[in-house]
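Chemist: Encoded as structure tokens, here's the structure I'll be asking about.
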């Protein structure tokens, strides 16, 4: 199932060969460039109660699973290729309630949308430290969007690379849902 999901994600975001011939991307920046970024986001990590992993075994229903709020810092870099991009991102999150710390590294692949936005899929490895269930590590998958200032009517405010709003959802080995929202600063 994991291989099928990864193949579908990569296939859905393949960049057409004609895109490499472009001089600029939809947002007016160079068609090929390295774009570093950093940001902060918050959300909630909700684990299943299906007893299929160390973090969800014997958690006596949803109330006993190691769920909780998160505040996360992240940094990464994208390599723009025409209207698409590939990248890598690292994260560290402080948890509340049943979660203590989460950290990981993810690869990203996607497309630029509109004049300053991004649509992406991500996959990588995540480590989770809980307050009662101990530590675990496993594969994580997700998708998200970043909406830039031009896309919401604030084109002259920050220019092509500036602040973007981010909405994303990831899953920890298909045993949880982790919706997050925050702000990304592209350098």
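The values are calculated or read from the model by the stated rules, or taken from the named source; none is laboratory data. All of these numbers come straight from a predicted model, not from anything done at the bench. In this analysis, Cβ positions are derived from the backbone assuming ideal geometry, glycine residues included, and neighbour counts consider all displayed protein chains.
Chemist: If a residue must be in contact (Cβ under 8 Å) with a residue 60 or more places away in the chain and either surrounded by fewer than 21 Cβ atoms within 10 Å (Cβ to Cβ) or closer than 23 Å to residue 45 by Cα (or both), how many such residues does region 84-105 contain?
Modeler: Residues meeting the conditions: 0.
Chemist: If you don't mind, there's one more thing I want to ask. Being modelled with pLDDT of 90 or more and surrounded by fewer than 21 Cβ atoms within 10 Å (Cβ to Cβ) is the filter; apply it to region 145-165 and report the residue that is farthest from residue 37 (Cα to Cα).
Modeler: Across region 145-165, the extreme among qualifying residues is 145.
Chemist: Taking the condition under 20 Å from residue 43 (Cα atoms) and either at pLDDT 85 or above or surrounded by 15 or more Cβ atoms within 10 Å (Cβ to Cβ) (or both), does residue 121 pass?
Modeler: So residue 121 passes the test.
Chemist: Enumerate the strands (runs of 3 or more DSSP E) found wholly within region 67-137, keeping only those where 3 or more residues are farther than 24 Å from residue 175 by Cα.
Modeler: 68-81, 84-95, 99-113
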